[in-house]
């Protein structure tokens, strides 16, 4: 019995150490969001940078001396803080006034750039850092050995929490920070220099990210995939805790780390005659917690409702119905695109087919984000579930691809109905994060369910027979279906439903007062958007002949967001343009340079800084000026 | 025949009683003002009528039907139009589209996915805008309008549901004096011509005494006086309540 | 319709693609398309690329194939099967490659193999370890170079039986490779040692292991031996936590792939001495083939080879040999030539089996030791892949008919 107790205690301590690590990253993210309202996607990249810098600086200062180690950790964190300042001054300061999500796109570009910079300076091989001098060993706790360094980490989390609390509640600077977090007008009344405040908060947030990374050096080898892994953890912690709430972040970190430790401790458990592998649940436990918390507490554990506009559209310009030449001109473009295969370049066919599919995907996402004002971070779920539904009907029911394609929008729409029902009850970043949580849960089911979905390998052999076997015909079918879907969604935006959807976005109270059931309208919008994303996914499956869980992974959702934002949220044609430019850029740059990520990042950054309203918006202005 | 009858309305927030046993009636074509010092419970009262808040007790009958606790959109569909204290229009739409969105909603066409919204009830929308004197600005984006004009757009939107009752929360707040009187004159004439009952809250006593047929006075959640403008002006309780909060109409100058 | 005109209207996406292609020349090189996730799995694939470069140099110095030099056209698939398939199409139509090779992750490998079957083009899957590539999902056009998950697991089994431990704990990355390795290990061990008991099983997400809790959970089960298929950063974290916590004291540990320099070297002096692993002891192999390879590699790159170098090198040699043997660039002829193709590699002679298109390239099996503060393999032997495959009848029943 005491053995069991000791095992449980050790896992509890493991959970505490994990919680501290999570909290350190999340605290900076929460702080930056609270003050600047920027969702800093590059926070994970800053963490990674902290880890790499610590590795090098400790090497420089002396791996085995106390001063070398801790000096290196501190210097690394300070460097990352300084990099944060540079980012704020050079990039973010220029776009605070741009639509909210544009800053997300800019920080996404930074992720790409930082990753390639790290690859360039440190190389691809993982780097295992030194153990901390004096804390190399373990202590005996009830006959179990527990790492000394983890004890230090357990103390570091609450220590940083306490210092932050003192800073925020016992200094003049803290008053400004809290004012900015809670009440913007009060900030203006206090007469502070907002620019300096933002810069300093960015320093502090980046410093904490860097510190979080550097402190992991004895536990975690520096490697290139940390940025995305960490950012997703940090987002979850911040949202579960309540955005802007440091205490909430601590609580959330504790909850998530302990839940993970518990799942691992349980391992395989026999229940009702089958073996349930709790250790496999670690894949998704944090997202399951996030979904549960957000459904029950729409602003996180300790968060307060934010007066945050839902999308970027509240102050959008009117969305006029297209002029008399628009549809004919679109039709001509479509016909010309359809003629492209006659040039005989089969690859052009494939690339244009991809662009068509992603254009429909982006337009379906834009339908939610733009007119709906509902930002989805997990839109790939509908795309992916659509492709899996089509694939399963094709492979398991042995129906032709033409029939299987019907299953795609149905599955995408059904999933969106289910997820959307919960999501429309939230708003802003919380809504976005709930869509992400659902998407991750869907992903993990697809990833785990080997018998049905082929697990991590996915499903292969999805090549249509019959008429669609011919790739030109398949391209035409893709073009017609995607254009048809885009056409339908555009019509819907200008139909009474679109008007009601925009009304619900602009002024939910007013919309209710004229009899519009805003939640239901938004729910239907989710379903429509999901259905067309699903159709895009189905077309994708048969174009590639195979699908894998990546089809509904975060990366695809992020790609979709990048396409929409690049094209511009405020115009209808923007997402199509964004999808084309993004897909083409990625294809073209990736083929011509090794550092394509950084180049793509710089390209996005340049576009963001030059056209803060997206490509579509820029074109519109150009037309307006001419 | 009364249009709206509230009876025994109660609402408390965390033990603090905001509205206690309030009852009143509004007849068709009647313009009724609800006044009282800050914190008197005007907004709470209003929000129970329009469905934003569910009362803890009491009934609200609209044409005989109890609407207490129903959601705002259901109440709107029963013929209750509404304007907001801080103007709430659909900023990304043109003026005409604001009214069209309301008309389409009331006609049950908001789930139409295909047909263009641009032409649906366009003429009706323009006619409503003409009634509030905004037909010239029908094509301007709402985001670019002057404050007074926004108020009139709101009125047109509120009228789109052919309301039997108009609830107006501080309809003239933030407007210049001339504009105030014009808007309320417009409202009162519409109400009388079309037999719409109007209940409004207001801080500006000039407006209240100039246009209200009847006045309800709230203080600390209770109805302390009710009657014609003259009766209320001379009511000693009202005078006492307002003594600290400012002066009553007619005592100035 | 004028193609340029179409492109112009087709928009920016198409414009840059319109560059005129150089006319074919008499001695135009034979092109081989290589797809891989260079950025995602850079630690393995950078040496892999060097291995390919070396092989191309050597093949061309020896006169190339069919009297023409060979050229590898490289594309990064971003770790995404969708991208891989698109780029495969690009390699075929734009670059006019004669065959495809490469891929790292199993799902990407399988996607390209499905594409190869559909487009009837030979595909030499160099690295993906999934058993399915040549068995359940095998097809006429796909061949695989590396010893599969099953084979490498089977290579560790004799020692695992020999240590005669009853209580085993298992830890594996939660995706197909780890699942297959675990399933194969259990099956093979149960057949040879029926009294074996699996007392704990941990399946952390790939790249995201919570090493402390996992080590503690395994420890709580009091295993006598551990079978692990962790690699990369997961392995580093697990080794460090497990060592600190004393998990490995008096416990025999078997770890697939952990002897590969890619995963062993980052551990530096913390390499876990005594573990049974598969890998590549490049310092100590003394065969003529390997000596020659090692010398050439070190001369060209001033660096030592990793396992990736050998795989990249052997894949290119195999492709060139297949084309030579086929005497033509016709896909069906290359496929026929690949069947039963035998050639030399730094690991010795290998054969692509006619039965299932799996090469007999083996792996080195041994134990981890320390030398000059770096992990090395000791007591190693070369396990020839041919000896660690299931009986032919079993393989035949797994593979779909052509």
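How far, in nm, would the chain grow between residue A:190 and residue A:333 when pulled straight, counting 0.36 nm per residue and subtracting the alpha carbon separation?
Taking 0.36 nm per residue and subtracting the Cα distance, the gain is 45.9 nm.
So if I take the alpha carbon set of the range A:2-263, get Rg, then get Rh from the Kirkwood formula, what is the Rg over Rh ratio?
Rg divided by Rh gives 0.99.
Provide the percentage of antiparallel DSSP beta bridges, counting only those with both residues in chain B; round to the nearest 5.
The answer is about 55 percent antiparallel.
Just report the Cα centroid separation between the range A:288-307 and the range A:556-626, whole Å.
Computed from Cα coordinates, the inter-centre distance equals 32 Å.
Grab the beta carbon distance between residue C:62 and residue B:140, set R0 = 60 Å, and tell me the FRET efficiency rounded to 0.05.
According to the calculation, E is roughly 0.15.
Would you tell me the mean number of C-beta atoms belonging to other protein chains that fall within 10 Å of each C-beta in A:327-336, as a whole number?
Mean partner-chain Cβ count within 10 Å for A:327-336: 1.
How are the C-alpha pair distances of the protein assembly as shown spread across 10 Å bins, as whole percents from the shortest bin up?
For the protein assembly as shown, the binned pair fractions read 2, 9, 16, 19, 19, 15, 9, 6, 4, 2, 1, 0 percent.
Suppose we keep just the DSSP beta bridges with both residues in chain C; what percent of those would be antiparallel, to 5?
Given both bridge residues lie in chain C, the antiparallel proportion sits at roughly 35 percent.
Need one word for the range A:509-625: rounded, prolate or oblate. Basis is the Cα gyration tensor (sqrt eigenvalues a ≥ b ≥ c); a/c below 1.5 gives rounded, then a/b vs b/c decides.
oblate
Testing the spin-label approximation: label points 7 Å from Cα along Cα→Cβ at residue A:288 and residue A:395. State their distance in nm.
With each label point 7 Å from Cα toward Cβ, the separation is 2.5 nm.
Starting from the Cα gyration tensor of the range A:350-625, take the square roots of the eigenvalues, sort them a ≥ b ≥ c, and report rounded, prolate or oblate (rounded when a/c is under 1.5, otherwise prolate if a/b is larger than b/c, else oblate).
Oblate shape, in that a/c is at least 1.5 and b/c is the bigger or equal ratio.
Nearest 10 degrees, 0 to 90: what angle lies between the long axis of helix B:122-131 and the longest principal axis of chain B (Cα atoms)?
The angle comes out at about 40 degrees.
Looking at the protein assembly as shown, what % of its DSSP beta bridges pair antiparallel, to the nearest 5?
Around 50 percent antiparallel, to the nearest 5.
Using a 10 Å cut-off around each Cβ of peptide B:70-77, what is the average number of partner chain Cβ atoms that fall inside?
That average works out to 4.
What distance in nm separates the simple spin-label points at residue A:602 and residue C:28, each placed 7 Å from Cα in the Cβ direction?
The answer from the label model is 3.3 nm.
Arrange the peptides B:195-208, A:66-79 so that the one whose residues have, on average, the most other Cβ atoms within 10 Å appears first.
Packing proxy ranking, top to bottom: B:195-208, A:66-79.
At R0 = 56 Å, how high is the FRET efficiency between residue A:142 and residue B:21 if r is their beta carbon distance? Nearest 0.05 is fine.
0.30
Roughly speaking, what is the centre-to-centre gap between the range A:92-162 and the range C:291-362 when only Cα atoms are used, to the nearest Å?
Comparing the Cα centres of the range A:92-162 and the range C:291-362, I get a distance of 42 Å.
Between the helical axis of A:100-122 and the dominant principal axis of chain A, each derived from Cα atoms, what acute angle in degrees is found, rounded to the nearest 10?
60
Rounded to the nearest 10 degrees, what's the angle between the helix A:428-448 long axis and the longest principal axis of chain A, both from Cα atoms, 0 to 90?
Result, in degrees: 90.
Contour minus end-to-end for residue A:325 and residue A:417, with contour as 0.36 nm per residue of separation and end-to-end as the Cα-Cα distance?
Once the chain is fully extended between residue A:325 and residue A:417, it gains 29.6 nm.
Which whole-angstrom value gives the distance between the alpha carbon centres of the range A:219-252 and the range C:122-145?
Result: 39 Å between the Cα centres.
Among A:478, A:472, A:274, which comes first, second and so on when ranked by fewest other beta-carbon atoms within 10 Å?
Least to most surrounded, the residues fall as A:274, A:472, A:478.
How do A:263, B:142 line up, fewest other C-beta atoms within 10 Å first?
A:263, B:142
Can you give me the distance in nm between label points at residue C:378 and residue C:332, each placed 7 Å from the Cα along the Cα-to-Cβ direction?
Placing both labels 7 Å beyond Cα along the Cβ direction yields 5.7 nm.
Rank by packing, highest mean first: peptides B:164-175, A:250-261, with packing defined as the count of other Cβ atoms within 10 Å averaged across residues.
Ranking, from highest mean packing down: A:250-261, B:164-175.
Which shape class applies to chain A: rounded if a/c is under 1.5, otherwise prolate when a/b exceeds b/c and oblate if not, where a ≥ b ≥ c are the square roots of the Cα gyration tensor eigenvalues?
The shape class here is prolate.
Sort C:162, C:237, C:96 by Cβ crowding within 10 Å, fewest neighbours at the top.
By the 10 Å Cβ count, ascending, the order reads C:162, C:96, C:237.
No value in this document is a laboratory result; all are computed from the given coordinates. On a predicted model such as this, the values are computed, not experimentally measured, just so you know. Glycine also receives a Cβ, built like all others from the backbone with ideal geometry; neighbour counts cover every protein chain displayed.
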